[in-house]
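**Student:** Sharing a structure below in structure tokens format, with a few things to ask.
No value in this document is a laboratory result; all are computed from the given coordinates. Predicted model, so just to flag it, every value in this text is computed and none were measured. Here the Cβ positions follow ideal geometry from the backbone for every residue, glycine too, while neighbour counts run over all protein chains shown.
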Amino acid sequence: MRIETDLKLGFTDVMIRPKRSTLSSRSLVSLEREFIFLHSKQKWSGVPIMAANMDTVGTFEMATALAKHKLFTAIHKHYSLQKWKEFMQTANEKITDYIAVSSGIGSADSKKLAAIFSQHPELKFICLDVANGYSEHFVNFVKKTREQYPDKIIMAGNVVTGEMVEELLLAGADLIKVGIGPGSVCTTRVKTGVGYPQLSAIIECADAAHGLGGQIVSDGGCKIPGDVAKAFGGGADFVMLGGMFAGHTESGGKIIEINGEKFKQFYGMSSETAMNKHVGGIADYRASEGKTVEIPFRGAVENTVQDILGGLRSTCTYVGASRLKELTKRTTFIRVQEQHNEIFSK
Ligand code: 5GP
């Protein structure tokens with residue numbers, strides 16, 4: 001046994017220090033970024049915020065709404081080929097820049113991935129997602145996927161430490177998804193004791209990825225727009241959101257009425273709810289590592305998008321970054337023991 005004693009930080013352990021700035025208005029800030037991805041060499045531009053590949057978040061309806069603002073959606077892996085066909089028929093051609101096809105690493109998953117790509121060769125992004133990206137099996141799967149799809153942009157995860165970011169980039173991934181345990185409906189830390197505070201994970205993994213010319217996606221743990229700004233400030237190239245995009249018209253699932261108020265169900269992808277829905281229950285050798293919650297219905301996602309993008313533009317003006325690209329360089333975090341004033345919060 002060994003203990004690492006240097007303190008690792010989450011979003012609530014820091015604030016961003018304001019800096020002298022020449023920007024006179026938030027409207028002068030550009031949130032668009034351009035990337036050329038490491039292996040696929042494909043060019044991308046857009047606002048690097050992503051809806052998570054959860055069936056209550058990463059839906060086709062969400063992708064349509066977010067793509068209007070050049071935001072990205074990792075489409076969940078449970079749509080049938082027929083649903084993909086129907087969506088691709090209605091989608092404008094630019095949509096392929098703003099969606100990824102998600103897959104696990106089972107043989108059924110890779111067959112389905114191949115079927116989706118043969119049906120829609122114009123799709124560009126693959127999101128290979130496992131709860132634990134540390135297994136050799138996963139690394140080999142990333143290698144195989146790269147051989148099979150040399151021109152596609154491959155996102156792979158999840159991991160939280162630099163050496164594994166390097167390993168996955170060397171195996172052929174373009175973008176590494178970072179985050180173990182911070183998610184709003186994740187119970188991994190409760191069930192296993194495993195995890196890594198998200199801000200430190202971002203800082204360390206971004207450093208490793210950028211050293212090799214790759215990028216990272218900070219995945220999980222953002223509760224408020226300020227957390228999204230902190231994730232970018234820490235070095236994340238993309239920020240993936242689950243809970244913050246849940247509960248909207250475009251999120252999957254039905255509206256539930258409780259005492260006249262409207263709610264939507266939101267659940268982790270390894271919760272009992274998800275496993276009952278998609279794989280017929282929880283296998284007896286494993287525990288559910290996700291929660292199921294009912295969250296107040298929040299209407300169209302458009303308002304939430306404006307709220308997040310407005311907050312981010314404001315962060316940029318506070319530190320004098322005219323482009324999102326400059327935010328990390330302009331960020332000085334201060335360690336704190338207080339966050340916002342909650343006197344009037346419910
Ligand atoms: P959020 O933005 O809601 O804080 O986090 C979203 C992320 O939580 C997802 O992108 C995914 O990485 C993670 N996640 C989703 N469902 C589950 C689950 O059932 N268990 C765990 N451990 N993580 C989950």
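**Student:** Which cross-chain or sequence-distant (5 or more) residues have an amide H under 5 Å from the amide H of K264, H modelled 1.01 Å from N in plane?
**Tutor:** I256, I295, F297
**Student:** So what's the back-of-envelope 222 nm ellipticity for the chain, counting only DSSP H runs of four-plus at -39500 (n - 2.57) apiece and dividing by all residues, rounded to 500?
**Tutor:** That comes out to -10000 deg cm²/dmol.
**Student:** Could you work out the equivalent-ellipsoid semi-axes for the stretch 1-89, taking the square root of 5 times each eigenvalue of the Cα gyration tensor, largest first, in whole Å?
**Tutor:** 32, 24, 15
**Student:** Write out the GluC sites (Glu not before Pro) in the stretch 1-92 meeting two conditions: DSSP loop, and at most 15 other Cβ atoms within 10 Å of their Cβ.
**Tutor:** Taking the stretch 1-92 and a limit of 15 other Cβ atoms within 10 Å, the loop GluC sites (Glu not before Pro) found are E4, E32.
**Student:** Under the rule of at least 5 residues apart or a separate chain, name every residue whose amide H is placed under 5 Å from the amide H of I49.
**Tutor:** F72, V239
**Student:** So, R0 is 35 Å and r is the distance between the beta-carbons of N132 and Q306; what FRET efficiency does that work out to, to 0.05?
**Tutor:** 0.50
**Student:** Just subtract the alpha-carbon distance of S30 and E163 from 0.36 nm times their residue separation and send over the number in nm, one decimal.
**Tutor:** 44.6 nm
**Student:** Output the peptides 310-322, 243-255 sorted from most to least packed, where packing is the average of other Cβ atoms within 10 Å over each peptide's residues.
**Tutor:** 243-255, 310-322
**Student:** Out of I308, I334, I216, any idea which swings most in a Gaussian network model of the chain, alpha carbons joined below 10 Å?
**Tutor:** With Cα springs under 10 Å in the chain, the top fluctuation among I308, I334, I216 is at I334.
**Student:** So for the chain, what percent of the C-alpha to C-alpha distances run longer than 24 Å?
**Tutor:** For the chain, the fraction of Cα-Cα distances above 24 Å is 55 percent.
**Student:** Round to the nearest 0.05 the FRET efficiency obtained for E61 and K8 when R0 = 30 Å and r is the Cβ-Cβ distance.
**Tutor:** So the FRET efficiency works out to roughly 0.25.
**Student:** Given labels modelled 7 Å from the Cα in the Cβ direction, how far is it in nm from T22 to R323?
**Tutor:** 1.6
**Student:** Which whole-Hz ³J(HN,Hα) couplings does the stretch 52-57 yield from phi under the Karplus relation 6.51 cos²θ - 1.76 cosθ + 1.60, θ = phi - 60°, glycine and proline marked x?
**Tutor:** Calculated HN-Hα couplings, in order: 5, 7, 10, 6, 9, 9 Hz.
**Student:** Further, regarding this structure: Which helices count as membrane-span-like in the chain under these terms: full DSSP H, at least 27 Å along the axis by C-alpha, Kyte-Doolittle mean of -1.0 or more?
**Tutor:** Counting only whole DSSP H runs, the qualifying helices are 301-319.
**Student:** Then there is this: Report the calculated FRET efficiency for S80 and E147 (r = Cβ-Cβ distance, R0 = 30 Å), to the nearest 0.05.
**Tutor:** After rounding, the FRET efficiency stands at 0.65.
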